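Following: one structure in structure tokens, then a few remarks.
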Amino acid sequence: MTSTVDIHIEKTKKSRVSEHDINNVPFGKCFSDHMFVAEYSDGKWQKAYITPYADVPMSYAMSALHYGQAIFEGMKAYKNDKGEVSLFRPIENFKRMNKSAIRMAMPEIPEEIYMNGLMELIRLDSAWVPSSETGSLYIRPFLIATDEAIGVKISDTYKFVIITCPAGKYYSEPIKVLVETNFYRAVKGGVGFVKAAGNYGRSLYPTKLAQQKGYQQVIWTDSETQKYFEESGTMNVMFVIGDTLLTPGLSDTILDGVTRNSVLALAREWGMKVEERKVSIVEVFEAIDKGTLKEVFGCGTAATIAQIIGIGYNGKDYALPPVSERKFSTRVDDTLRNIRKGKVEDTLHWMMKVS
Ligand SMILES: Cc1ncc(COP(=O)(O)O)c(C=O)c1O
């Protein structure tokens, strides 16, 4: 899809970047100087602009708030030692955004608007990209329905917005997870395979219950049989059993993670055996008993690799192998960081240079 919308740019009069220690800020709370906005009405994308980051007036009748036509993406920009800024696989997030838009009956965003808006914004706010080893600029593109109208129907108007915030490590420690068999993140025929805001709203209560029991996250199971692992919190989940990397195969209940795809690509490049299929709770607990379960980890943009060192199921806690023995996920974590920070050659062409 193409578009000829020009981006009007209004720069901030005074950057706020010096007011923050961008290499040391809490995740998702400190926003950079500018934001990108594109507006859709009368069946087409009308205008696009970058302005100083600010609150905006909003009607309480705005349809996204009531009927959930709201989707988003999460991606990151990195700064190398020379101060150059690059994005990690941004086209994958663009494609997934439009997959989400189609499923939620929202207009697709033309590639030109998405990518030009993104590149201009990151170029303008490149001073906000942390240079620390584990730092990055987290980028949040989102699309919301903006009709001022009560009544369940497809909105006629939308805003596509990109905001960004400097970010450090998401989880500072390895995590313990609870296998959740009463509540489900996604159901067959639902919207689990897209990044619809409602998927996250529904996950909060079960996650709160798990956290009250001392776990950091849940591992979701399938709603039909409760026999198979699906995802962990907002990450795809992976297991190394023997010499095989196992992860649930894609379906309409599993998000097609960019990190998941990247981890699988590296594993295949390194000649590791990879299986994308249903992963049953029984086989994982059998592997724990036999000592063949080597690694369990979540993967996603925010955390990259989150080591899972404990798993609770049916009232019992199981300890998993220590992180120091996890060769594969440690190598993946290091390799992804080195590719992103420009320390090794980007042979898979994942980085897109911004400046
Ligand atoms: C439910 C869910 N699964 C998996 C992921 C990981 O996807 P990605 O690697 O593209 O960030 C995310 C994060 O976006 C998520 O929200």
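The values are calculated or read from the model by the stated rules, or taken from the named source; none is laboratory data. Small disclaimer: the values here were computed from a predicted structure and weren't measured. Neighbour counts are summed over all protein chains in view; Cβ atoms, including those assigned to glycine, are modelled from backbone coordinates with ideal geometry. Ligands, DNA and RNA are excluded from the accessible area calculation, which covers all protein heavy atoms including side chains. Shrake-Rupley method; radii C 1.70, N 1.55, O 1.52, S 1.80 Å.
Which stretch or stretches of the range 282-325 have amide N atoms under 13 Å from the point lying 7 Å from Q226's Cα along the Cα→Cβ direction? Hits in the range 282-325 for Q226 at 13 Å: 313-315. The magnitude of the dipole of the range 149-220, with charges of +1 and -1 set on the Cβ of Lys/Arg and Asp/Glu and taken from the Cα centre, is near 60 debye.
Shown is the FRET efficiency for L209 and M58, computed with R0 = 30 Å from the Cβ-Cβ distance and rounded to the nearest 0.05: 0.40. Counting only DSSP beta bridges whose two residues both lie in the range 175-340, roughly 65 percent are antiparallel. Prolate is the label for the range 253-355, because the ratio a/c of its alpha-carbon gyration tensor axes (a ≥ b ≥ c) is 1.5 or higher and a/b is greater than b/c. Along the chain, the exposed loop sites are chymotrypsin sites (Phe, Trp or Tyr not before Pro) outside DSSP states H, G, I, E and B with at most 14 other Cβ atoms within 10 Å, and the longest stretch free of them is 61-269.
Once the Cα atoms are used to define both axes, helix 258-269 deviates from the longest principal axis of the chain by about 50 degrees.
Could you sort H66, H34, H20 by their accessible area in this structure, using a 1.4 Å probe and putting the largest first?
Result, largest first: H66, H20, H34.
Among the lysines of the range 270-355, pairs that are 8 or more positions apart or on different chains and have alpha carbons within less than 24 Å of each other number 15. Taking every DSSP helix (H) stretch of at least 4 residues in the chain, weighting each as -39,500 (n - 2.57) and dividing the sum by the residue count yields a mean residue ellipticity at 222 nm of -7000 deg cm²/dmol. Taking T164, T225 and ordering them by how much accessible surface each has at a 1.4 Å probe, largest first, produces T225, T164. A straight chain from K11 to T292 at 0.36 nm per residue would run longer than the Cα-Cα distance by 95.5 nm. Taking the Cα centre of the range 179-267 as reference, the dipole from Cβ charges on Lys and Arg (+1) and Asp and Glu (-1) amounts to some 320 debye. Computed from the C-beta positions of N23 and K343, the FRET efficiency with R₀ = 22 Å rounds to 0.80.
Once the chain from R103 to L250 is taken as fully extended at 0.36 nm per residue, the excess over their C-alpha distance is 51.3 nm. Taking the Cα centre of the chain as reference, the dipole from Cβ charges on Lys and Arg (+1) and Asp and Glu (-1) amounts to some 380 debye. Of the solvent-accessible surface of the range 1-146, computed with a 1.4 Å probe over protein heavy atoms with every protein chain present, carbon and sulfur atoms account for 51 percent. Compared with the dominant Cα axis of the chain, that is its longest principal axis, helix 327-340 is turned about 20°. Taking other residues whose beta carbon is less than 14 angstrom from the beta carbon of Y67, and scoring Lys, Arg as +1 and Asp, Glu as -1, yields -2.
Computed from Cα positions, the angle between helix 111-124 and the longest principal axis of the chain comes to roughly 90 degrees.
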